[in-house]
1. If you go through the range 35-68, how many residues are open to solvent by 50 Å² or more (accessible area, probe 1.4 Å) and under 19 Å from Ile104 (Cβ atoms)?
Amino acid sequence: MKQKILSRVSTLLLVLWCAVYTCHAQQNTFAIGYDMGYAFRTKNATATLNLRYGITDALRIETYGKYSPSIEDYSMWGVGIDAHYLIPISRKAFFYPIAGLGYIQYKQDMNEWLEALIKIIEDITDQPIDMPNDKHKRLATQLGIGFEYRFSKHFSSHAACKYLIINDFNQFYLSAGIAYHF
């Protein structure tokens, strides 16, 4: 069942990406970017690669792939799609609300002291200890606000505050990055 859901989500994201790519050929408002961020609940750094398409002057969609390595007992990765409604502040600066959907997988890793304790108990008892798989796969909603500044026709920087809403694992994070427009 879980593989079936993952397969459907992957197919949906592939179809959305293809739709964005074919629209690019018609509109020519496409960007690829990279973000670095910080997730507050898990206390982890995040790295995100995103692909943007401007549907109109004010509305764009963004597909992304996000990864957060295990630093404070949690690791996470995810894919999704967001909608941005661009509100111009000046000719080069934009403010935008963010709303999106995604698929997130997160895992709580064991601490070093817990791993050492389990090894000691296994050595004493000569019995292996099976630990439960603490990996969670969830659909998520993402809400937030962002700011973008265009340095030139091809380069921009952006920053965002987002709140990731998952059934049992909500998280606030900040990110900043750059994008190349073509």
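1. Residues that pass the stated criteria total 7.
Per-residue answers, yes or no, for (1) acidic (Asp, Glu); (2) under 14 Å from Gly37 (Cα atoms):
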| residue | (1), (2) |
| --- | --- |
| Glu122 | yes, no |
| Arg138 | no, no |
| Thr141 | no, no |
| Phe147 | no, no |
| Ser157 | no, yes |
| Asp168 | yes, no |
| His181 | no, no |
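The values are calculated or read from the model by the stated rules, or taken from the named source; none is laboratory data. For clarity, every value in this text was computed on a predicted model and none was experimentally measured. Please note: Cβ atoms are built from the backbone with ideal geometry, for glycine as well, and neighbour counts cover all protein chains shown. All accessible areas refer to the heavy atoms of the entire protein, side chains included, with ligands and DNA or RNA removed. Shrake-Rupley method; radii C 1.70, N 1.55, O 1.52, S 1.80 Å.
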